[in-house]
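Any read-out appearing in this document is the output of simple, stated calculations on the displayed coordinates, not a laboratory observation. Keep in mind that what you see is a predicted model, and the values were worked out from it rather than measured. Here Cβ is always computed from backbone atoms with ideal geometry, including for glycine, and neighbour counts include all displayed protein chains.
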Amino acid sequence: MREPISRDTRLALDLALTIRHDGNGGVTDDLTDPAGLTEWVRAHPGLLPGTATDRADDHREASTTGTAPQSADGAGGGSTAQAAQLAAVRGLRAAVRALFARAVRPGEPSPADAARLMPPEEALRHLNEAAARSPTVPVLDWPEGATPLVHHKPARTADDLTAALAQAVIAFLAGPDRDRLRACHAPRCVRYFLKEHPRQEWCKPSCGNRARVARHHQRHKATAQVY
């Protein structure tokens, strides 16, 4: 039986898995351009800034304040903002994959980037700095006949997306799901996954089948070399 996965765990894993096996023996990257990032964000409705639920909230707020909401593609939807946001998310992903590699020790990291991982100290600094890009602002609440109260709310910025992702990753890495994180080492697979049961070695059954076939061929090859 699968254990429930939290929102933060799902976002952290999904960000790392934008680097994946392409089905043809190679590796593909879902975040090579702003359009890819936009598509990925829209695949997470209600979980990230700029998705359907968030845009609806933005429009309701804009109708009372007269401000224009940001698009899912970046601040104001401009190409420069889109490129900057893509670079920020890709930089965060590099840090996340480096920290995933640290989390699965003493196991090997994903082969997709094992030879070019960001140093752990740099990855930690990058993650924490990204999480801090979403500042808060004081908001005064003063109902009639009551004492004025101040509470804090997130300030809308162009870095909402990167900060939200970074904060989700921090929650995942500091939580209990981290202990179940593994890298799949079936032939051609580059995925990270959460281990669902003690005997699980691969991210999905098809990877297990490929691994068993590869082991079978390797044993026959070794036997043939002996004779």
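For a test of the definition: using alpha carbon positions, the gyration tensor, and the 1.5 limit on a/c, classify the range 120-213 as rounded, prolate or oblate.
Working: a/c = 3.88, a/b = 2.73, b/c = 1.42.
Prolate, since a/c reaches 1.5 and a/b exceeds b/c.
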| query | Each label point is 7 Å from the Cα along the Cα-to-Cβ direction; what then is the distance between the points at residue 155 and residue 87, in nm? | reply | 2.2 nm
| note | Checking the range 3-50 for trypsin sites (Lys or Arg not before Pro) in a loop per DSSP with at most 10 other beta-carbon atoms within 10 Å yields none
